[in-house]
Amino acid sequence: MTRGLGRIALVAAMLSAAMTQAPAGPNLPPGARAEVISPGAIPGWPDDDHRIALTIFAAGCAADPPLRQGVPIPAALTAVCAEAGRLTARGPVDRTAARRFFEERFSFWRIRPSGAEGGFMTGYFEPEFEGSLTPSVQFPTPLYARPADLVTRLAGDAWPGLEPALSAARRTPRGLEPYPDRTAIESGALDGQGLEIAWLRDPVDRFVLQVQGSGRVRLQDGRVVRLVYSGRNGHAYTSLGRVLSERENIPPAEMTMDKLVARLKADAGFARDLIRLNRSFVFFARKDDLPAESGPIGGAGLPLTPLRSIAVDRAIWPYGLPAWIDATIPTGSGDMERLSRLMIAQDTGSAIVGPSRVDLFVGSGQAAGHRAGLVRHSFDFTVLWPRAEAR
């Protein structure tokens with residue numbers, strides 16, 4: 001009898017432990033760590049206006065199809081996105097209800113990358129340049145639409161004979177081949193296909209547009225053409241800021257986008273040679289139905305919101321994932337600002353690699369570009385993982 005009672009007590013203890021164990025969380029690359037925390041342990045959590053993030057989240061996890069394929073969106077996350085859509089469709093949601101929505105449907109995981117305690121954040125923006133829909137002496141540098149023979153590599157694609165690092169290839173009668181790199185394209189590899197969709201002043205403007213992944217082209221008659229990412233040639237991205245920093249002994253912390261662009265604009269020959277070190281080449285599509293007040297379209301296929309949308313590693317994190325950012329970053333006017341708020345993962349980028357590597361969308365235009373170029377800071381990264389999702 002005593003043994004029976006002991007056995008019952010043991011089973012009860014095991015059930016209790018199972019019920020109180022940490023919820024299932026995200027799968028991470030080897031070396032990275034995730035620790036479950038409570039919302040109350042996050043500085044600033046109750047002070048944020050969660051209605052903003054809820055509105056963005058309610059628009060959906062991603063378009064169908066997204067602009068850039070990523071890891072599959074967990075079914076539980078899709079379900080919560082849909083629930084948020086139904087909730088906001090019924091009418092305004094107050095701040096407390098918005099905060100509780102996230103607290104009740106997600107577990108909170110602080111992410112620690114391998115060998116570090118915090119993540120690394122940069123900023124990006126939607127640039128605007130003067131341009132034309134026809135070539136001229138003033139605007140001789142073409143922007144290209146996605147070529148018909150470009151094939152983007154998807155997860156699980158096996159391309160025998162091609163470099164594993166290639167993210168895209170060219171379809172030919174002989175099979176897949178590496179796509180022409182930047183130098184080849186700038187030397188005429190795509191001529192005669194009618195892919196030109198706009199022209200800019202110089203290759204430096206095109207380089208900036210390609211790095212940011214979207215932009216606005218202001219025509220001479222005042223109209224603005226919106227451009228969105230439509231693919232790239234598959235070659236690896238090379239950071240020109242890092243190259244210039246090493247060549248000219250400029251401390252990395254001082255190598256801003258403004259400084260890089262100024263150096264490139266000062267010498268056309270130097271600019272051509274440096275830019276060609278980045279073999280990656282981005283293609284665009286016109287998005288004429290995008291309202292002027294709307295942010296650019298991110299990798300998820302949805303409009304971005306300044307200081308609320310982030311780009312993440314699409315091989316690790318799904319689109320639509322809410323994440324808490326805690327960082328101190330430049331304002332752009334010489335001061336620093338504490339940025340503690342709930343973000344939504346809506347974009348990705350070739351240089352955004354790793355579980356705690358993010359790119360913060362700062363906004364559109366010159367001021368946003370100046371500020372974005374200053375953001376190179378460590379931060380605390382906490383992802384919100386849907387409670388119903390198993391490991």
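Tell me which residues, restricted to the range 322-340, are of a type outside the set (Ser, Thr, Tyr) and part of a loop (DSSP other than H, G, I, E, B). Break it down stepwise before answering.
At the first step, the residues of the range 322-340 found to be of a type outside the set (Ser, Thr, Tyr) are 322-327, 329-330, 332, 334-339.
Within the range 322-340, 332, 334, 335 meet the criteria.
Among the candidates 355, 306, single out the residue that is in contact with a Phe, Trp or Tyr (Cβ under 7 Å, 6 or more places away or on another chain), open to solvent by 10 Å² or more (accessible area, probe 1.4 Å), of a type outside the set (Val, Ile, Thr) and assigned to a loop (DSSP other than H, G, I, E, B).
On the way: 355 fails: in contact with a Phe, Trp or Tyr (Cβ under 7 Å, 6 or more places away or on another chain).
When all the criteria are applied, what remains is 306.
Residue 297 versus (1) more than 19 Å from the chain's Cα centre (by Cα); (2) open to solvent by 10 Å² or more (accessible area, probe 1.4 Å): which is the lone unmet condition?
(1)
Here are 371, 338: which of them is open to solvent by 10 Å² or more (accessible area, probe 1.4 Å) and touching a Ser or Thr at 6+ places or on another chain (Cβ under 6 Å)?
338
Would you be able to say whether some residue in the range 321-334 is modelled with pLDDT under 95 and over 23 Å from the mean Cα position of the chain (by Cα)?
There is at least one residue in the range 321-334 that is modelled with pLDDT under 95 and over 23 Å from the mean Cα position of the chain (by Cα).
Does the range 249-294 hold any residues that are among the β-branched types (Val, Ile, Thr) and either buried (at least 19 other Cβ atoms within 10 Å of the Cβ) or touching a residue at least 40 places away in the same chain (Cβ under 8 Å) (or both), and which are they?
256, 261, 275, 282
Restricting to the range 361-389, count the residues that are assigned to a loop (DSSP other than H, G, I, E, B) and under 17 Å from the mean Cα position of the chain (by Cα).
Initially, the range 361-389 is screened for residues assigned to a loop (DSSP other than H, G, I, E, B), giving 365, 375, 387-389.
Checking the rest, the ones that are also under 17 Å from the mean Cα position of the chain (by Cα) come to 375.
Total meeting the criteria: 1.
Let me confirm something: among 114, 107, 136, which residue is under 20 Å from residue 381 (Cβ atoms), in contact (Cβ under 8 Å) with a residue 24 or more places away in the chain, assigned to a loop (DSSP other than H, G, I, E, B) and among the polar types (S, T, N, Q)? Steps first, please.
Working: 107 fails: assigned to a loop (DSSP other than H, G, I, E, B); 136 fails: under 20 Å from residue 381 (Cβ atoms).
Of the residues listed, the single one that is under 20 Å from residue 381 (Cβ atoms), in contact (Cβ under 8 Å) with a residue 24 or more places away in the chain, assigned to a loop (DSSP other than H, G, I, E, B) and among the polar types (S, T, N, Q) is 114.
Out of the residues in the range 322-349 that are small (Gly, Ala, Ser) and touching a strand residue (DSSP E or B) at 6+ places or on another chain (Cβ under 6 Å), state the one that is farthest from residue 112 (Cα to Cα). So that I can check it myself, show each step before the final result.
We begin by selecting, within the range 322-349, every residue small (Gly, Ala, Ser); these are 323, 327, 332-334, 340, 345, 349.
Subsequent filtering for residues that are touching a strand residue (DSSP E or B) at 6+ places or on another chain (Cβ under 6 Å) retains 323, 327, 340, 345, 349.
Numbers: 323: 14, 327: 15, 340: 17, 345: 18, 349: 21 Å.
By that ranking, first place goes to 349.
Which of the numbered conditions does residue 343 fail, given that it passes all the others? Conditions: (1) of a type outside the set (Val, Ile, Thr); (2) in a strand (DSSP E or B); (3) under 24 Å from residue 35 (Cβ atoms); (4) open to solvent by 10 Å² or more (accessible area, probe 1.4 Å).
All conditions pass for residue 343, except number (4).
Give the range 170-217 a look and list any residue that's part of a helix (DSSP H, G or I) and out of contact with any strand residue (DSSP E or B) (no Cβ under 6 Å at 6 or more places or on another chain), or say none.
If we filter the range 170-217 for residues that are part of a helix (DSSP H, G or I), which is where we start, we get 182-186, 203-212.
Across the range 170-217, the qualifying residues are 182, 183, 184, 185, 186, 204, 207, 208, 211.
Mind listing whichever residues of the range 215-224 are open to solvent by 10 Å² or more (accessible area, probe 1.4 Å) and either under 18 Å from residue 185 (Cβ atoms) or in contact (Cβ under 8 Å) with a residue 60 or more places away in the chain (or both)? Walk me through how you get there before you give the answer.
Step one: of the range 215-224, the residues open to solvent by 10 Å² or more (accessible area, probe 1.4 Å) are 216, 218-224.
Hits for the range 215-224 are 216, 218, 219, 220, 224.
The values are calculated or read from the model by the stated rules, or taken from the named source; none is laboratory data. If you're wondering where the values come from, they're calculated on a predicted model, not measured in any experiment. Here the Cβ is made from the backbone with ideal geometry for all residues, glycine too, and neighbour counts use every protein chain on show. Only protein heavy atoms, including side chains, enter the accessible area calculation; ligands, DNA and RNA are left aside. Shrake-Rupley method; radii C 1.70, N 1.55, O 1.52, S 1.80 Å.
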